Structure formats: structure tokens, C-alpha cells
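Note sheet for the following structure.
The values are calculated or read from the model by the stated rules, or taken from the named source; none is laboratory data. All values derive from a computational prediction rather than experimental measurement. Reconstructed Cβ throughout: ideal geometry from the backbone, glycine too, with neighbour counts over all protein chains shown.
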Amino acid sequence: MAQDSSQLHRVVVLVDANSNPFELGCATEVFGLRRSAELGRELYDFTLCSAEPHTLMRDGFFTLSGVPGLEAADSADTLIVPNRPDVEVPRRPAVLDAVRRAHARGARLVGFCSGAFTLAEAGVLDGRRATAHWQWADAFRARFPDVQLEPDVLFVDDGGILTAAGSAAALDLGLYLVRRDHGAEVANAVSRRLVFAAHRDGGQRQFVERPVPDAPDESLAPVLEWAREHLAEPLTVETLAARAAVSPATLHRRFRAQLGTTPLAWLNGERVALACRLIERGEVRLDVVARESGLGTTANLRARLRRETGLSPSAYRVRFGPEQERLG
């Protein structure tokens, strides 16, 4: 039976003059591709919209035409707002009005990179947390002092409004939303299609120093792969350091340099992701989920899962567990 697109969560990308093609491509790749062949169902109803019949993209790279007008934004469940490099140029009033209408009716708003400027200019970020590309942090603070800018993170989830730093962080936030909407298994499948990390915590740093090595390869890939295969074991930072044949201090420096996070934070994130997958596959015994994911106790499982997903294990099972359980 064909899937009814009217029942799908509707994602609309609002494109404006001089918008960045990269973030538009990220949104299309995450939310717009058809997934029925690989997942057996579609995830989103996706479309673009623009204030003008012909929209010149960044630096005149190409002109976008043939997309719906701004009225499409009025039916969005998630509205991704315009971003562009000329942050000092005000957005057109019709675009800002469309953002305000979406916010007023409870749509989820998403800003990639300089999209935070669009949200702030529309007045929907006052008193809220947000992020933007690090190079525009000072300009953003000067123009929008009522917004709590967090310039050194990949993305910020402030309830119904989410913002991501530039470029690849748009993919991080997109996959985060897929995970929140459809669960870890689906997000992992989408990330595999992208050949991209399935889960990077939003609190990781935007700017990760990667000096050109003049010594043997110091990649963390081998120890990360090994750790993922041994999450049920009582792994510690010392365990990982010994596996990598370095001191804990050196391992910590490498994690910070290569991943922008700490070994312990990475380990906890991987364990929560595994716990989510176990619940999605139908495991109902919380003690088993806690043990096999390495989280240890059901109390720790509940605390970690709620922190990462905003849901208790039982609520997560209802939302993302096997279909027969959700329908039953």
C-alpha cells in the first residue's frame, strides 16, 4: 500500500536571496531523499519555498526557480529558515513574517549556520539559547544582545527552536532531528547513506584543531572501533588509553583535538546510542539494556536516556519500539 504523504511530518526549507547551497543540500539530503527502498517507508514530506519566483543563490552560483511560494511555509511542521553570508543585510519582511507565523502556530524552527540571524531578526530567539558560526559570534551578540549565544558548540536544541553552526554541523543537527523523530536505528541508517558520523553531541566544539602530523598516525579510529565492540564491559578512560598505548592525558588531548569532546563523554554517548538501539529492537528488560550497553544500572540508564532524548525508557519504547508494540 502506498504511503500517505499527508501523514508525514512536513519539512519546508525557506530559501531567500543569496542563500548558501551547502546547507540547502544538507537539508535535502537528510530530509528530502526517498527512503522507502532502504527503510521500507518514507520519513518526511519535503519541499522548498521562496518569496520570489526566481531566487539567486549565494554569489550567483545558480538561480533557483519552480518552487512554491511562501504559502508553503504555513503548512510546515518543521521550517528551516534562510541562511546566507551577508549577515548584515536585513531579511525581507515577507520572509520574517513567514517565520513569525510558523512560530506562533507551534512549528519547529531550524536555523543552519547564519540562519540564527534570520530567527533573531524575526524576534523568536529573544531570551533563548542559540548558536551560529563562530566567525559571526561578535556580530551576532552586538545585534541581538537578548539572545543567549553559545558560539563554541555544534548545535543547540532550545525546545521548538534549534540552531546549528556552519557547514557540517547542519548534518549533525539534521541527524539529531531524525534520531529524535524516528529513533537511533533510522538515524544510523540515514548516517550510513551519508557516510557521516551517526551521532556527535551538540555540545562538542565547533572548531577542532587538527595539526598536520609529523609523527606516526595518531588516529583514534582503531580504539573507537574496539570500544564500540566492548561497550558492555567496564570500560574506563584508563582502559581506552591502554588500548591506544598512550597515557590517559595524551588520550584526552587526542579526543579534544580530533573529536572535540572528552573520552568519557564520547563513551557515554555511544552507550546511550546502543541502549536506544536495543530498546528499538524490542528488548523490554531495562536491566538487560543497562548491562549490555554498559550503563550498569537501570537508574543510570533512565538518567542518561532522559538527558540525551528527553524521554524515559518506557516513553522511548512507545515512540520508537517495534511497530507491533506501538500499535498494540
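When restricted to residues that are closer than 28 Å to Ala221 by Cβ and surrounded by 16 or more Cβ atoms within 10 Å (Cβ to Cβ), the stretch 264-290 contains 17. Scanning the stretch 23-40 for residues that are of a type outside the set (Ser, Thr, Tyr) and surrounded by fewer than 15 Cβ atoms within 10 Å (Cβ to Cβ) yields a total of 5.
The rows are residues; the columns are (1) surrounded by fewer than 17 Cβ atoms within 10 Å (Cβ to Cβ); (2) modelled with pLDDT under 85.
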{"position": "Ala139", "(1), (2)": "yes, no"}
{"position": "Gln148", "(1), (2)": "yes, no"}
{"position": "Asp152", "(1), (2)": "yes, yes"}
{"position": "Ala197", "(1), (2)": "yes, yes"}
{"position": "Arg200", "(1), (2)": "no, yes"}
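Every condition in (1) under 24 Å from Gln135 (Cα atoms); (2) within 17 Å of the chain's Cα centre (by Cα); (3) of a type in the set (A, V, I, L, M) holds for Met57 except the one numbered (2). Of all residues in the stretch 260-305, those being polar (S, T, N, Q) and closer than 18 Å to Arg228 by Cα number 4. Quick check: is even one residue across the stretch 134-144 in contact (Cβ under 8 Å) with a residue 40 or more places away in the chain and on the phi > 0 side of the Ramachandran plot? No, the conditions are met nowhere in the stretch 134-144.
Of the strands (runs of 3 or more DSSP E) lying entirely inside the stretch 1-109, the ones with 1 or more residues being modelled with pLDDT under 95 and touching a helix residue (DSSP H, G or I) at 6+ places or on another chain (Cβ under 9 Å) are found at 9-15, 44-50, 63-65.
The rows are residues; the columns are (1) free of Cβ contacts under 8 Å to residues at least 40 places away in the same chain; (2) touching a Pro at 6+ places or on another chain (Cβ under 9 Å).
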position	(1), (2)
Phe255	yes, yes
Leu267	no, no
Leu274	no, no
Arg304	yes, no
Thr309	no, no
Tyr316	no, no
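Name the single residue, out of those in the stretch 76-101 being farther than 21 Å from Val30 by Cα and small (Gly, Ala, Ser), that is surrounded by the most Cβ atoms within 10 Å (Cβ to Cβ). Let's see the steps before the verdict.
Within the stretch 76-101, the first condition is being farther than 21 Å from Val30 by Cα, and the residues that meet it are 85-101.
Applying the additional criterion that residues be small (Gly, Ala, Ser) yields 94, 98.
On the way: Ala94: 12, Ala98: 27.
Residue satisfying both the conditions and the ranking: Ala98.
Among all residues of the stretch 236-249, there is none that is closer than 28 Å to Gly159 by Cα and hydroxyl-bearing (Ser, Thr, Tyr).
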